[in-house]
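Trainee: This is the structure I want to talk about, given as structure tokens.
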Amino acid sequence: MDLIPQPRRTRTEGGTFELGAGTRLEVGRGAEPTARWLRGVLGPATGLDFPAGAGGERGSTVRLTVDPALGREAYRLTVGPDTLRLTGGDAAGVFWAAQTLRQLMDPAAFRRAPVRRDRTWTVPVCDIEDRPRFHWRGFMLDVARHFMPKDGVLRHLDLMAAHKLNVLHLHLTDDQGWRPEITRYPRLTEVGAWRHRTKVGLRESPLWDERPHGGYYTQDDLREIVAYAEDRHITVVPEIDIPGHSQAAIAAYPELGNADVVDTAALPVLPHWGVNPNVLAPAEATLRFYENVLAELLDIFPGTFFHIGGDECPKEQWRASPAAQARIAELGVADEDALQSALIRHFDRWLADRGRRLIGWDEILEGGLAEGAAVSSWQGYAGGIAAARAGHDVVMCPQGQVYLDWRQADGPDEPVPIAHVRTLEDVYRFEPVPAELTAAEAEHVIGTQANVWTEVLDSPRAVDYAVYPRLVALAEVAWSHLPAPAERDWSGFEARMRAHYARLDALGVEYRPPGGPLPWQRRPGVLGRPLDGPPPIV
Ligand code: ACM
């Protein structure tokens with residue numbers, strides 16, 4: 001049946017269920033939104049109407065119901081010759097069952113209009129029981145380095161849903177761009193959303209594109225993204241990166257920077273890449289500014305977690321700044337690392353007071369982790385292990401395993417060759433729970449996600465190439481109960497992928513083909529430099 005991610009249990013019996021003009025949807029309480037979604041995708045793809053009610057004499061029935069006994073996000077899909085049952089443990093479970101149903105049909109079920117109107121649609125008679133390994137199955141999209149127009153974000157939500165991924169982490173701000181509209185501070189998008197030109201390739205590349213780049217999401221755009229995600233049982237986790245990666249905000253409001261050591265009024269939205277010394281001033285006024293920013297965003301993003309970044313904050317300006325040093329003395333903290341820790345703790349308390357939880361990159365462990373904070377473990381597994389042992393929740397996303405901007409092969413044909421080679425098989429063999437953890441500590445690994453940084457991914461097409469098919473492997477790692485990496489059935493996954501490529505083609509995904517990039521997907525190698533040696537494991 002070539003299902004991806006692989007369900008927990010499947011049984012086939014021979015025979016088929018036929019979807020036709022007489023097929024009706026019988027919808028139980030709690031399953032209505034999935035019925036609406038199913039009509040919305042299968043209607044256009046098949047040309048069928050799927051009227052409500054029981055099929056009876058007139059035709060077959062698709063029955064959607066909720067049975068809480070199955071558990072969170074779990075589902076059962078039972079296909080007989082006349083009746084097809086989608087039963088979810090909750091509304092999300094019904095939705096994931098519907099995603100499986102779509103994969104049980106011909107790949108043309110993923111198109112938006114029929115290619116032929118005279119064909120029949122069948123589903124094999126089968127019985128599937130399924131539930132996810134993790135409840136955080138994520139994808140982080142960097143929309144700061146290169147803007148992804150709203151339509152592209154909605155498309156990625158559809159693609160995530162097709163793979164049963166349920167967390168979209170949006171990296172909304174960075175040195176090179178500020179993307180969410182904040183009504184109280186209009187210059188964040190008037191100024192911070194635009195840069196005059198962009199480095200083409202990595203930092204050492206000599207090339208510039210010599211044209212402006214930018215864009216932003218209005219608050220209505222963000223509300224639409226959140227609602228669209230909710231309809232697909234996906235939570236959007238917004239990230240406002242502080243106190244590093246903040247030059248776009250400083251370009252808009254120079255008082256946010258360390259104005260006693262640099263001329264912050266002269267800082268532009270950064271046009272190139274790398275870890276940047278121009279970080280936020282650790283002042284009370286900065287805290288108030290970001291509280292006001294977060295307050296507007298909390299109103300838009302209803303999820304429990306709010307990501308405050310915390311990664312790659314060089315401390316040299318704080319060391320040189322009399323104001324930052326005075327702040328260290330005033331707070332009675334030991335040094336610059338402890339100052340960053342105090343800043344993160346401030347927002348941890350601020351978010352907790354509002355019923356939310358802070359999540360940050362693993363640097364937030366330096367100088368002591370705020371109580372209740374969760375960690376995105378990106379610098380290998382070590383941060384995640386330390387956090388889990390200290391009783392903090394962890395999302396495993398080590399760069400050596402699941403950074404999808406890293407190159408997919410050796411050789412001159414790969415577009416901008418970033419870092420080390422990470423193949424589809426490497427991602428398939430990624431294990432989110434380190435063997436060092438005890439069972440109780442491992443409970444703190446609440447899930448995993450793949451991250452895609454877009455310094456060199458300058459268009460939605462380039463993002464497709466980097467993300468697919470590797471995100472498909474991550475989705476299976478996150479959902480399916482796979483054995484240890486060495487025992488995973490890679491050739492079985494490859495065989496299922498052959499069927500899955502036809503689905504991605506029908507969806508219009510411009511993935512990296514198994515044989516290597518298509519001519520338009522190649523980019524000259526002068527734009528970057530791969531790293532030598534084997535990729536890091538920890
Ligand atoms: C990161 O890659 N700086 C989180």
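The values are calculated or read from the model by the stated rules, or taken from the named source; none is laboratory data. Please read all numbers here as calculations on a predicted model, not as lab measurements. With ideal geometry, Cβ positions are generated from the backbone for all residues, glycine too; neighbour counts draw on all protein chains shown.
Trainee: Which residues, counting only those in region 417-437, are over 16 Å from the mean Cα position of the chain (by Cα) and part of a helix (DSSP H, G or I)?
Mentor: Matches in region 417-437: Leu424, Glu425, Asp426, Tyr428.
Trainee: OK, next. Could you check region 28-137 for strands (runs of 3 or more DSSP E) lying wholly inside it with 3 or more residues that are in contact with a Lys or Arg (Cβ under 6 Å, 6 or more places away or on another chain) and at pLDDT 95 or above?
Mentor: Those strands (runs of 3 or more DSSP E) span 121-130.
Trainee: Quick check on this structure: which one of Asp263, Asp231 is touching a residue at least 60 places away in the same chain (Cβ under 8 Å) and either more than 16 Å from the ligand (Cβ to nearest atom) or in contact with a strand residue (DSSP E or B) (Cβ under 8 Å, 6 or more places away or on another chain) (or both)? Break it down into steps so the answer makes sense when it comes.
Mentor: Working: Asp263 fails: touching a residue at least 60 places away in the same chain (Cβ under 8 Å).
Asp231 is the lone residue from the list that is touching a residue at least 60 places away in the same chain (Cβ under 8 Å) and either more than 16 Å from the ligand (Cβ to nearest atom) or in contact with a strand residue (DSSP E or B) (Cβ under 8 Å, 6 or more places away or on another chain) (or both).
Trainee: Sticking with this structure for a sec: Taking interchain pairs and intrachain pairs at least six residues apart, which have beta carbon atoms under 8 angstrom, with the first residue in region 321-343 and basic (Lys, Arg) and the second surrounded by 13 or more Cβ atoms within 10 Å (Cβ to Cβ)?
Mentor: Arg327/Pro282; Arg327/Ala283; Arg327/Leu339
Trainee: Next question, about the same structure. Do we have any residue at all in region 310-320 that's over 28 Å from Arg203 (Cβ atoms), more than 16 Å from the ligand (Cβ to nearest atom) and either outside any loop (DSSP other than H, G, I, E, B) or in contact with a strand residue (DSSP E or B) (Cβ under 7 Å, 6 or more places away or on another chain) (or both)?
Mentor: no
Trainee: Residues in region 438-456: is at least one of a type in the set (Asp, Glu), more than 16 Å from the ligand (Cβ to nearest atom), assigned to a helix (DSSP H, G or I) and at pLDDT 95 or above?
Mentor: The first filter runs over region 438-456 and keeps only residues of a type in the set (Asp, Glu), leaving 441, 443, 455.
Cutting the leftovers down to more than 16 Å from the ligand (Cβ to nearest atom) gives us 441, 443.
Next, from what is left, pick out any that are assigned to a helix (DSSP H, G or I): 441.
Okay, now just the ones that are also at pLDDT 95 or above, so 441.
Yes - at least one qualifying residue is present in region 438-456.
Trainee: Among the listed residues Pro432, Pro417, which satisfies the condition of being buried (at least 24 other Cβ atoms within 10 Å of the Cβ), more than 30 Å from Leu518 (Cβ to Cβ), more than 16 Å from the ligand (Cβ to nearest atom) and not hydroxyl-bearing (Ser, Thr, Tyr)? Talk me through it step by step, then tell me what you get.
Mentor: Numbers: Pro417 fails: more than 30 Å from Leu518 (Cβ to Cβ).
After applying the criteria, what remains is Pro432.
Trainee: Only residues in region 1-15 that are within 20 Å of Arg503 (Cα to Cα) count as the first member; pair them with residues that are of a type in the set (A, V, I, L, M), Cβ under 7 angstrom, at least 6 apart or cross-chain, and list the lot.
Mentor: Matching pairs, first to second residue: Met1/Leu104; Asp2/Ala499; Ile4/Val472; Pro5/Ala475; Pro7/Ile128.
Trainee: Given the criteria surrounded by 23 or more Cβ atoms within 10 Å (Cβ to Cβ) and part of a strand (DSSP E or B), does Val395 qualify? Talk me through it step by step, then tell me what you get.
Mentor: Details: surrounded by 23 or more Cβ atoms within 10 Å (Cβ to Cβ): yes; part of a strand (DSSP E or B): yes.
Spelling it out, Val395 is indeed surrounded by 23 or more Cβ atoms within 10 Å (Cβ to Cβ) and part of a strand (DSSP E or B).
Trainee: Right, Trp350: in a loop (DSSP other than H, G, I, E, B) and under 32 Å from the mean Cα position of the chain (by Cα) or not? Give the derivation first.
Mentor: Working: in a loop (DSSP other than H, G, I, E, B): no; under 32 Å from the mean Cα position of the chain (by Cα): yes.
So Trp350 does not fit the description; no.
Quick grid of which residues meet (1) of a type outside the set (Val, Ile, Thr); (2) within 11 Å of the ligand (Cβ to nearest atom); (3) touching a His at 6+ places or on another chain (Cβ under 8 Å):
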{"site": "Arg354", "(1), (2), (3)": "yes, no, no"}
{"site": "Ile359", "(1), (2), (3)": "no, no, yes"}
{"site": "Asp362", "(1), (2), (3)": "yes, yes, no"}
{"site": "Glu366", "(1), (2), (3)": "yes, no, no"}
{"site": "Ala370", "(1), (2), (3)": "yes, no, no"}
{"site": "Ser376", "(1), (2), (3)": "yes, yes, yes"}
{"site": "Tyr381", "(1), (2), (3)": "yes, no, no"}
{"site": "Ile385", "(1), (2), (3)": "no, no, no"}
{"site": "Val394", "(1), (2), (3)": "no, no, yes"}
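Trainee: So, one more: Mind checking which pairs have a first residue in region 241-260 that is within 18 Å of Leu170 (Cα to Cα) and part of a helix (DSSP H, G or I) and a second that is away from the ligand (no atom under 16 Å from the Cβ) and among the aromatic types (Phe, Trp, Tyr), Cβ under 7 Å, 6 or more apart or different chains?
Mentor: So the pair list comes out as Ala248/Trp178; Ala249/Trp178.
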